[in-house]
Amino acid sequence: MLTTVPDKMAAPTDSSAVCSPAHLEALRHAIGAAKPRQPKRLEPPPDVQHGWMLPYLLDADEFLWRRWHHWYETALAGQVVAPIPQIEWQRHDAGFKMLDRSLAVISKHGDWRGWGSWSAFDYFLDWLLFGFGHKGQPQLPEEKDDFEGANVRLYQVFNLETLLAYPYDYLGDMLAENHHGRHLGFYPTPMELCELMARMIIGDEDARTKSVCDPCVGTGRLLLSASNFSYRLHGCDINPTVIKATLINCYLYAPWLVRPFPFLDRRLCDPSQSQNVSDAIAAQTNLPGTEHDAVEQWKFEPIKKRRKTGATTDEQGVLFPV
């Protein structure tokens, strides 16, 4: 994993400070100047453990948006203590190119955009969730057939800091553009529209303790936009792939979704209350014909996984009536 955070600049000391323009410019310059790594055989292979990538994320976030620092201070205080550090969403080719290179090295043949694109994409999401220490992904994903050695290749090619330097829902765009996303009819709402909706709904009030819920969460764009205003972010969906993408986006940019504050959302932090929360979301947002997926839910907490009533899914999350 290539770490590009400049090491000669101190992080700001004010927990509510916005991202330093100097820090952001320095990191973007370092990313632009860096040459992409080509994977090679590593002996011995990296000994990655569950959550191995989280320290890298915390260090890079401390240098830029400081949202995990803010999450820690708020959780420690057990109450709302400071304004939410703001993120400026910016779509950039650097993010797409880095992710495309990462997906391309999963298969030994270097191709991920064909009809089997879902397999590489899903492996990548599972690999990231394992790296972030997500409880629903306690093991490295299995390297089947052409994916043999994918962990070693991704370890060398994936660059976490690029996604933090240019924050955006890249996974949503990439999923919508591949065969699997088009087959499912997945068309994410443009990020600019999500930002506008969040601002229109929330207005000028202090919404840090107000709940924001997206019952068809997709890859989490509305909740990402709302994370500039609210700590209480709720979502559900029937497709496991998009839920995993939402979780990854929120590990990167909105930690209070993946790690809710107990003093605000105790039920959301309690797995035994998962079905009650899921059914309450469905009842309040008019989701007829769905039910809580009690079997698979543990993989996706705290996002709620639902399934169509009287339906089963294939391994790609495509629904079939029974």
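One table, with the values for the structure above:
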{"read-out": "Top-ranked residue of region 74-109 - restricted to ones that are without any contact (Cβ under 8 Å) to a residue 60 or more places away in the chain and out of contact with any helix residue (DSSP H, G or I) (no Cβ under 9 Å at 6 or more places or on another chain), ranked as most open to solvent (accessible area, probe 1.4 Å)", "value": "LEU76"}
{"read-out": "Within region 261-275, considering residues that are part of a helix (DSSP H, G or I) and out of contact with any strand residue (DSSP E or B) (no Cβ under 9 Å at 6 or more places or on another chain), the one least open to solvent (accessible area, probe 1.4 Å)", "value": "GLN273"}
{"read-out": "Which listed residue, of TRP71, TRP52, is open to solvent by 30 Å² or more (accessible area, probe 1.4 Å), outside any helix (DSSP H, G or I) and modelled with pLDDT of 85 or more", "value": "TRP52"}
{"read-out": "Filter result (loosely packed, with under 10 Cβ neighbours inside 10 Å and either within 24 Å of the chain's Cα centre (by Cα) or not in a loop (DSSP other than H, G, I, E, B) (or both)) within region 29-48", "value": "ALA33, ASP47"}
{"read-out": "Some residue of region 114-128 being polar (S, T, N, Q) and at pLDDT 95 or above", "value": "no"}
{"read-out": "Test: residue in region 82-97 that is of a type outside the set (D, E, K, R) and modelled with pLDDT under 95", "value": "yes"}
{"read-out": "Flag for ARG182 being among the charged types (D, E, K, R) and touching a residue at least 40 places away in the same chain (Cβ under 8 Å)", "value": "no"}
{"read-out": "Qualifying residues in region 290-304 (those that are open to solvent by less than 30 Å² (accessible area, probe 1.4 Å) and not in a loop (DSSP other than H, G, I, E, B)) - the one farthest from ASP279 (Cα to Cα)", "value": "GLN297"}
{"read-out": "ARG66 under 19 Å from the mean Cα position of the chain (by Cα), at pLDDT 85 or above, basic (Lys, Arg) and under 25 Å from GLY131 (Cα atoms)", "value": "yes"}
{"read-out": "Residue list for region 205-234, filter: touching an Asp or Glu at 6+ places or on another chain (Cβ under 7 Å) and outside any loop (DSSP other than H, G, I, E, B)", "value": "ARG221, LEU222, LEU223, LEU224, SER225, ARG232"}
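Conditions (1) more than 19 Å from the chain's Cα centre (by Cα); (2) more than 24 Å from SER230 (Cα to Cα), marked per residue:
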| residue | (1), (2) |
| --- | --- |
| GLN86 | no, no |
| ARG91 | no, no |
| GLY95 | no, yes |
| ALA104 | yes, yes |
| SER119 | no, yes |
| PHE132 | no, no |
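The values are calculated or read from the model by the stated rules, or taken from the named source; none is laboratory data. Everything quoted here is computed from the prediction, not taken from an experiment. All Cβ positions, even for glycine, are placed from backbone atoms using ideal geometry, and neighbour counts span all protein chains on display. Quick note on the areas: whole protein, heavy atoms, side chains included, nothing else; ligands and nucleic acids left out. Shrake-Rupley method; radii C 1.70, N 1.55, O 1.52, S 1.80 Å.
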